[in-house]
Amino acid sequence: MTILRVTFCILACLCAACAVPIGIFFEWWCLVPVAAAAVFALLMFAAKNNFTRPKKDARTDFMNSEEENAKIRSDNEKRETK
């Protein structure tokens with residue numbers, strides 16, 4: 001994953017650097033490398049998080065006691081590991 005992060009970072013920097021000369025000569029066409037730099041930056045941050053979304057914490061039921069909630073959480077963890 002580190003190789004992907006470095007690669008996407010370099011590509012984003014190159015796209016951002018080439019936006020200035022393209023903007024000087026071709027005016028509005030500079031938005032193409034700026035958009036590409038944004039995409040590569042998003043891919044870099046996605047690679048940093050290993051392309052996974054964080055898991056949501058199990059919500060506790062406030063009507064149950066703390067012991068019942070602990071049992072429910074442990075049952076859910078056992079089910080997820082199978």
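The values are calculated or read from the model by the stated rules, or taken from the named source; none is laboratory data. Since we're looking at a predicted model, the values are computed, not measured. Positions of Cβ are backbone-derived with ideal geometry, glycine not excepted, and every protein chain shown enters the neighbour counts. Just so you know, the surface numbers come from the protein's heavy atoms only, side chains and all, with ligands and any DNA or RNA stripped out. Shrake-Rupley method; radii C 1.70, N 1.55, O 1.52, S 1.80 Å.
Run the numbers on the chain and let me know its relative contact order in percent, using alpha-carbon pairs under 8 Å that are six or more apart.
Details: 52 pairs, mean separation 25.8, N = 82.
Once normalised by length, the contact order is 31 percent.
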Extension reserve of the ASN64-ASN50 stretch, reckoned as 0.36 nm per residue once the Cα distance is removed: 1.5 nm
Share of accessible surface on carbon and sulfur in the chain, whole %, 1.4 Å probe and ligands ignored, is 66
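Might you tell me the accessible area per residue for region 2-82, computed with a 1.4 Å probe and given in Å²? Numbers along the way, then the final one.
Values: 7130 Å² over 81 residues.
Value for region 2-82: 88 Å² per residue.
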Where labels lie 7 Å past Cα in the beta-carbon direction, separation of CYS18 and VAL6 in nm: 2.1
Quarter of the Cα convex hull surface for the chain, i.e. its orientation-mean projected area (nm²): 8.7
What are the DSSP H helices in the chain that stretch 20 Å or more along their long axis, judged by alpha-carbon atoms, and whose average Kyte-Doolittle hydropathy comes to at least -1.0? 2-26, 31-48
